Amino acid sequence: MKLVRQDITKNGAGSVKLVPEEPEDMWHVYNLVAKGDRVSGVTVRKVMRETASGAGEAERVRLKLEVEVETVEYDKVASVLRVRGKNMLESEHVKLGAYHTMELDQQRPFVLAKAVWDAMAIDYLKQACDPAASADVAAVMMQEGLANICLVGASITTVKGRVETSIPRKHGPAVAGYDKALNKFFENVLQAVLRHVNFAVVRCLVVASPGFTKDQFFSYMMLEATRRDLRPIVENKAHDRLAIQTLLITDELFRSADITTRRKYVDLVESVKAGGGDVYVFSSMHISGEQLQQLTGIAAILRFPLPDLEDMEL
């Protein structure tokens, strides 16, 4: 959710201007808007105009509405919010006090005004506008030839991508093309994961399937990530299993001009400490730090072996 403008005080009156940017934002708006609030925004209405001949014709016009909310309806299928109430802003086309229904949907700005912004409403607002509070779990739900890539948020789960590939049977004349088709399927799923999963936000990627398909894909993904140097995947492997006992990291990584990159390493350090691990920061001005920097600037001593890491071609 994009917060364009904010003019509120706790337990006082005020208003905010918001732009919902994804389906989960509409759920947050549903929790924010209450009876008695005022919602205003630009909408399109069909009005009747009289022509020179005296006949009437319909015309769609853009106008600004401000309604005092009486009912709120959330359409989870269309990800649309319908707000009904009395119009509080008289115009050429809408009478003051007339009942109207406004639709709030994605990418359409609106202003929400409350007589009292209590602690719950302010918390909902913070949760809606905090990027870190959005979907931080991703899931790949798959079977041979079919996979769905989902983002799991605090309130709803969104299917971001679907991969479907024809896989021949393991038996019979088509067996020769089985491995090739399966690898093509895994490659398409990997590309969908890279396209739809933002590892700067997502903290956990779940791969699930009947049988061994998930294990085959996981091995393929990790081998390809190492071979192609797909750092977002490689750097998040071992820590997700709480396998890091000692983290070795250079201070150079904390000087990154990219705030997202710096935050990623800061979060990693804090998370390892929270899991009972030790963290040693090496100065890039010292020979030990220089040597570590030549090994990407980060290394770890693990609590237990990770065979799939050892099998990778580094």
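The sum of -39500 (n - 2.57) across all DSSP H runs of n ≥ 4, divided by the residue count of the chain, sets its helix-only mean residue ellipticity at 222 nm to -8500 deg cm²/dmol. One way to sum up the overall shape of the chain is the equivalent ellipsoid from its Cα gyration tensor, whose semi-axes run 50, 29, 16 Å, largest first.
In terms of accessible area, using a 1.4 Å probe and ignoring ligands and nucleic acids, 93, 286, 100 rank largest first as 286, 93, 100.
Under a 10 Å cutoff between Cα atoms, tell me which one of 222, 120, 102 has the largest fluctuation in the Gaussian network model of the chain. Per the Cα network of the chain with a 10 Å cutoff, 120 tops the list. Build a GNM of the chain with springs between Cα atoms under 10 Å apart, and of 79, 283, 219 the one that fluctuates most is 283.
Any idea which of 291, 265, 246 is furthest toward the positive side of the dipole for the range 244-302, if Lys and Arg beta-carbons carry +1 and Asp and Glu beta-carbons -1? The listed residue farthest towards the positive side: 265.
Tell me, what is the percent relative contact order of the chain, built from C-alpha pairs under 8 Å that lie six or more residues apart? In percent, rounded to a whole number, it is 13.
Is the range 244-302 best put as rounded, prolate or oblate by its Cα gyration tensor, with a ≥ b ≥ c the root eigenvalues, rounded for a/c under 1.5, and otherwise prolate when a/b is larger than b/c, oblate when not? Oblate, because a/c is 1.5 or more while a/b does not exceed b/c. Here the dipole of the chain is about 660 debye; that uses its Cα centre as origin and unit charges on the Cβ of Lys and Arg (positive) and Asp and Glu (negative).
Considering the dipole of the chain built from charges on the beta carbon (Lys and Arg +1, Asp and Glu -1) around the Cα centre, which of 29, 146, 125 is farthest to its positive end? The listed residue farthest towards the positive side: 29.
Could you give the Stokes-Einstein D for the range 1-120 in µm² per second, using the C-alpha Kirkwood radius, 37 °C, 0.692 mPa s?
Numbers: Rh = 15.3 Å.
Reported coefficient: 214 µm²/s.
Stretched out straight at 0.36 nm per residue, the stretch from residue 11 to residue 212 would grow longer than its current Cα-Cα span by 66.9 nm. Solvent-accessible area of residue 250, all protein chains in place: 0 Å² (probe radius 1.4 Å, heavy atoms, ligands and nucleic acids excluded).
Give the calculated FRET efficiency between residue 160 and residue 267 to the nearest 0.05, with a Förster radius of 30 Å applied to their Cβ-Cβ distance.
0.85
With no solvent and one equal point scatterer per Cα, compute the Debye intensity ratio I(q)/I(0) for the range 135-236 at 0.11, 0.14 Å⁻¹ and report its log10, rounded to two decimals. Log-scaled intensity ratios, in q order: -0.34, -0.54. Computed about its Cα centre, the charge dipole of the range 135-236 is approximately 160 debye, with only Lys, Arg, Asp and Glu carrying charge at their Cβ. Considering only 153, 275, 85, the mean-square fluctuation computed in a Gaussian network model of the chain, springs between alpha carbons under 10 angstrom, is largest for 275. With an a/c value of 1.5 or above and a/b not larger than b/c for the gyration tensor axes a ≥ b ≥ c computed over the alpha-carbon atoms, the range 53-99 is described as oblate.
The values are calculated or read from the model by the stated rules, or taken from the named source; none is laboratory data. Nothing here was measured: the structure is a model prediction, and the numbers come from that model. FYI the Cβ positions are ideal-geometry reconstructions off the backbone, even for glycines, and counts take in every protein chain you see. The area values use the complete protein model at the heavy-atom level, side chains included, leaving out ligands, DNA and RNA. Shrake-Rupley method; radii C 1.70, N 1.55, O 1.52, S 1.80 Å.
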